[in-house]
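The values are calculated or read from the model by the stated rules, or taken from the named source; none is laboratory data. Every value quoted in this text rests on a predicted model; they were computed, and no experiment measured them. Positions of Cβ are backbone-derived with ideal geometry, glycine not excepted, and every protein chain shown enters the neighbour counts. Please note that ligands, DNA and RNA were not included when accessible areas were found on the heavy atoms of the full protein model with its side chains. Shrake-Rupley method; radii C 1.70, N 1.55, O 1.52, S 1.80 Å.
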Amino acid sequence: MKSKYFLWTLAIITNILLLPSCLDSSEASELEYSADAQIYTFSISSKADTSNILNSTMFTIDQVNGRIFNKELLPYLFHVDSVTVSLSGSNTYSPFNNVTLSVSGSDDTVWSQSDSVGINNLYRITTTAPDGETTKRYDFQLNVHDKDPYILSWEKVSNSYITPSISDQTTVLYNNRFITYFSANGTIGAVSSSSNDGASWTPANIIGLPPNVLLSSLSVTENDLYVIDENQRVYNSTDGFTWALKATDYPIIANYGILPSDNHGENLVIIDVNNNYQYAKTDDFSNFNFMELESNTSISEFPVRDFSSISINSSTSHTIKFIIVAGGYKADNTANNDIWIMQEKNGKISVLKSKNTIAESLTEATLFFYDNNIYLLTNSSGNNSMYYSGNFGLEWNSVGENQSLPTEMDFRKKASVITDNNNNIWIFGGVSRTQTQLNDVWRGKLNKFAQD
């Protein structure tokens, strides 16, 4: 029996040893290594990065142009001397034959996972595929803000975009054009400029607007512009130049702009119903949906003329759908020095009053929305100031020196302030200390957007 088992075991061992020699040499040579030299993941880390900024930094791998870079710039003044590089290819276990790092001022080195790399001088990464022949080169760039990203830089774009002999003006952005409407010699005129320019302006022929329109009531929707006259009538235009009187059943006292909602935002207005003021929503100023105030606030507390208002419809929060209203005058001609936050809730108008810690009068101030914050341009005692709210109007703080207006900008009130899709802030005209109309245009931008 022992001899039998011994012979079987010997036979199995012999077959195993002889098996490789039975393979045809051409079959063995058919084993091929991958020619894929692409980097599929890339990250860096450093023990000196105590804030873990690098761990959350995403790098773009541009396979077509051979580039690796971070789109989101690292914070201003961020610096680490060396990092550990982590990268991978298509095969987790054997991604590359080798990886070479090119660092300014040093010879090229073969990358090792544990090596420290002078990241500020790394400019190229070259990979060799497992086949030992195919290579791919990536230019590397670590992008860091070279200026304080929260400094607001200003430039004067135009010094005479309208004639100074006017009595009132308002600028809007519509159909990719700036249109400045003005009152002069008993008529309404306008000048227009491309929204990408702001320096070259051409006269525009305005048809259908009477001289008694209140330019401060101009509002813009997606497809129309609206303005109210002194007789509480409404005019609208679809191109900004030809206007027509709207047939409406009620006098329009005030138009606060689009009230955002889950379905379809409509204009929030105050109308006169048999000598009683009433809130309503409308999308055409012909049909009205009456709305009540949710709180005990009286409609008489709200401004009805010369106010500033903006609509906030957040794409990141279902509940942030507001109209913010500041300044202006109430129906009894007293100044409104409050900032109101208005929202539709359960079919009614829900109202909050902000914690207004602003010392200046808000009567002729201007609201605008920029960098996910609400800003307010105010005026007092011959000086301009800017405030911002990071919580959608509930609380306000001074912008500080980094975002203050340029010293060479003349004092102004009732200015038109517009923000565009290129992250610019535009300031048009306004009224000077001597109560004359200003005719200059300024453009501002945060440094973090200028470096995009």
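Things to note:
- All of (1) of a type outside the set (Val, Ile, Thr); (2) open to solvent by less than 60 Å² (accessible area, probe 1.4 Å); (3) without any contact (Cβ under 8 Å) to a residue 24 or more places away in the chain hold for Gly257 with one exception: (3).
- Looking across the range 334-354, the residues that are within 18 Å of Ser380 (Cα to Cα) and assigned to a loop (DSSP other than H, G, I, E, B) come down to Thr334, Asn336, Asn337, Asp338.
- Unique match (being out of contact with any helix residue (DSSP H, G or I) (no Cβ under 7 Å at 6 or more places or on another chain), open to solvent by less than 60 Å² (accessible area, probe 1.4 Å) and either modelled with pLDDT under 90 or within 30 Å of Trp442 (Cβ to Cβ) (or both)) among Pro95, Pro149: Pro95
- Of the residues making up the range 245-267, those that are more than 17 Å from Asn346 (Cα to Cα) and either in a loop (DSSP other than H, G, I, E, B) or touching a Gly at 6+ places or on another chain (Cβ under 6 Å) (or both) are Lys246, Ala247, Thr248, Asp249, Tyr250, Pro251, Ile258.
- The residue that is most open to solvent (accessible area, probe 1.4 Å), among those in the range 410-425 that are within 20 Å of Ile166 (Cβ to Cβ) and out of contact with any Asp or Glu (no Cβ under 7 Å at 6 or more places or on another chain), is Asp410.
- Qualifying position, being in contact with an Asp or Glu (Cβ under 6 Å, 6 or more places away or on another chain) and either surrounded by fewer than 19 Cβ atoms within 10 Å (Cβ to Cβ) or of a type in the set (Val, Ile, Thr) (or both), among Val213, Val191, Val234: Val213
- One residue alone among Ile179, Ile228 is without any contact (Cβ under 8 Å) to a residue 40 or more places away in the chain, crowded, with 21+ Cβ neighbours inside 10 Å and not in a loop (DSSP other than H, G, I, E, B), and that residue is Ile228.
- Under the condition of being of a type outside the set (Ser, Thr, Tyr) and over 30 Å from Asn391 (Cβ atoms), the residues counted in the range 266-318 number 12.
- Test for Tyr138: is it surrounded by 19 or more Cβ atoms within 10 Å (Cβ to Cβ) and either out of contact with any Lys or Arg (no Cβ under 7 Å at 6 or more places or on another chain) or outside any strand (DSSP E or B) (or both): no
- Among the residues of the range 294-316, the ones that are part of a loop (DSSP other than H, G, I, E, B), farther than 21 Å from Ile418 by Cα and of a type in the set (S, T, N, Q) come to 5 in all.
- Within the set Asn296, Asn274, Asn263, Asn289, the sole residue that is at positive phi, out of contact with any Leu (no Cβ under 9 Å at 6 or more places or on another chain) and open to solvent by 50 Å² or more (accessible area, probe 1.4 Å) turns out to be Asn274.
- Of the candidates Thr363, Thr357, Thr319, the single residue that is surrounded by 14 or more Cβ atoms within 10 Å (Cβ to Cβ) and part of a loop (DSSP other than H, G, I, E, B) is Thr363.
- When Ser194, Ser160 are screened for being out of contact with any helix residue (DSSP H, G or I) (no Cβ under 7 Å at 6 or more places or on another chain), of a type in the set (Gly, Ala, Ser) and modelled with pLDDT of 95 or more, only Ser194 passes.
- Asp115 passes every criterion in (1) within 27 Å of Glu32 (Cα to Cα); (2) modelled with pLDDT under 95; (3) open to solvent by 30 Å² or more (accessible area, probe 1.4 Å); (4) over 37 Å from the mean Cα position of the chain (by Cα) apart from (1).
- Residue in the range 165-174 that is over 30 Å from Leu74 (Cα atoms) and of a type in the set (D, E, K, R) present: yes
- Selection from the range 337-354 of residues that are in contact with a Ser or Thr (Cβ under 8 Å, 6 or more places away or on another chain), more than 12 Å from Gly393 (Cβ to Cβ) and surrounded by fewer than 21 Cβ atoms within 10 Å (Cβ to Cβ): Asn337, Ser350
- From the options Ser56, Ser106, residue that is more than 32 Å from the chain's Cα centre (by Cα) and exposed (fewer than 13 other Cβ atoms within 10 Å of the Cβ): Ser106
- Residue within the range 63-78 that is in contact with a strand residue (DSSP E or B) (Cβ under 6 Å, 6 or more places away or on another chain), in a strand (DSSP E or B) and charged (D, E, K, R) present: yes
- The requirement of being under 27 Å from Gly429 (Cβ atoms), outside any strand (DSSP E or B), open to solvent by 10 Å² or more (accessible area, probe 1.4 Å) and of a type in the set (Gly, Ala, Ser) is not satisfied by Ser385.
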